[in-house]
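Colleague: I'd like to ask you about the structure that follows.
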Amino acid sequence: MSETAGAEAIDRQAQFTGTTEVREAHRFDVRALERWMEAHVEGFRGPLSVAQFRGGQSNPTYKLETPSRAYVLRRKPPGQLLKSAHAVDREYRVISALYPTGFPVARPFALCTDEQVIGTWFYIMDYVEGRVFWDGTFPQVPREERRAYFEAMCTTIARLHTTDPAAVGLFDFGKPGNYFARQIGRWSQQYQADIPEAGRVADMDRLVEWLPQHIPPGDETAIVHGDYRCDNMIFDPEEPRVRAVLDWELSTLGHPLADFSYHLMMYRMPPTGTVGLMNADLAALNIPTESEYVALYCRLTGRDPEAVAANMDFYVAYNMFRLAAIVHGIRARAARGTAASAHAKAMAATVEPLAALAWEQAQKAGAR
């Protein structure tokens, strides 16, 4: 890693770790929340103090502390919202389904759909102690232990993809089949809907046209996270073990290789502003190569690694397009004044580079 990239990684860790005073736009009546929690959260006893987590772009997230324990609140942001965005009720449903199986999620306590309480829907879950890594090279981890952390991430996503949705009550959590086509359509429409505030991007327009015509054959359905990366996980303070997977807003039933390739995208992303590993010396860092990581996932899920690798350029192009559409939406929300993070404007500036990188992957897959 270069000296500049290392400094940026340290800056991201400092920017996004921990809590801060609740931002003016995201304040609410704490006493009203206390009254609601007294009625709906088992074992809750106030008084309550509230701080806002620095990380996160979409749903404002708060640490709630009482004399005896801590909780986390995630809510829809205030203001005008897109119909399908900020689905805290879906987040609550999926973690409620997975928690009893032992899958690493925070314990869910209660969901509130009464906007009169704090102004928007929200849910309460347990506060999980541990470490969050905002740099994909895991610089805080000793070199000899790093590979085990990557294996823990891979094992966790493989476990998710091999969990039977029907067995955990998520048989209707999304539409089965045609996942890539539906998702490409969804994000194309969302990108186009945000053009008035966020602007048109030439590479996005190319991808909107190319992607639906080049979807690989084969279809599968699994529970997918939708935003699986190292900074959406809480790791054990001492061991290479995932204690909780966070931020389930984009979860649904979908194609597991779409979800896995989003996670794998870290290998093809620059480190600036992301958890990317592009140009990192993986051997020196003791981090698995992309092909090694694919092979491990395939072994854990019973897949043919050569067949998976053959379509990876398309899968990554799709995911970079999808991420660019999400960031394009953050740019639009910043223009509308509803973006949750103080860093939203800086993130919004990455739309064009992301779209260009997505088009490069499409060209690797044969786009002209």
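The values are calculated or read from the model by the stated rules, or taken from the named source; none is laboratory data. Everything numeric here is computed off the predicted structure, so don't read it as measured data. Cβ: placed from backbone, ideal geometry, glycine included. Neighbour counts: every protein chain shown.
Colleague: Using beta carbons and a limit of 8 Å, which pairs, at least six apart or on different chains, have the first residue in segment 88-106 and free of Cβ contacts under 8 Å to residues at least 12 places away in the same chain and the second one buried (at least 19 other Cβ atoms within 10 Å of the Cβ) and among the small types (G, A, S)?
Modeller: From residues that are free of Cβ contacts under 8 Å to residues at least 12 places away in the same chain, the pairs are Y99/A106.
Colleague: Then there's this: Is there a residue in segment 298-314 that is in contact with a Ser or Thr (Cβ under 6 Å, 6 or more places away or on another chain), within 20 Å of G366 (Cα to Cα) and surrounded by 15 or more Cβ atoms within 10 Å (Cβ to Cβ)?
Modeller: Checked segment 298-314: no residue is in contact with a Ser or Thr (Cβ under 6 Å, 6 or more places away or on another chain), within 20 Å of G366 (Cα to Cα) and surrounded by 15 or more Cβ atoms within 10 Å (Cβ to Cβ).
Colleague: Answer with yes or no whether V117 is crowded, with 17+ Cβ neighbours inside 10 Å, within 30 Å of F28 (Cα to Cα) and β-branched (V, I, T).
Modeller: yes
Colleague: Also, quick follow-up: When you look at F122, is it among the aromatic types (F, W, Y), crowded, with 19+ Cβ neighbours inside 10 Å, in contact with a strand residue (DSSP E or B) (Cβ under 7 Å, 6 or more places away or on another chain) and closer than 18 Å to S251 by Cβ, yes or no?
Modeller: yes
Colleague: Any chance you could count how many residues in segment 9-60 are of a type in the set (V, I, T) and modelled with pLDDT under 95? Can you show your working first?
Modeller: Just the residues of segment 9-60 that are of a type in the set (V, I, T), to begin with: 10, 17, 19-20, 22, 30, 41, 50.
Going one step further and asking which of them are modelled with pLDDT under 95, we end up with 10, 17, 19-20, 22.
Qualifying residue count for the region: 5.
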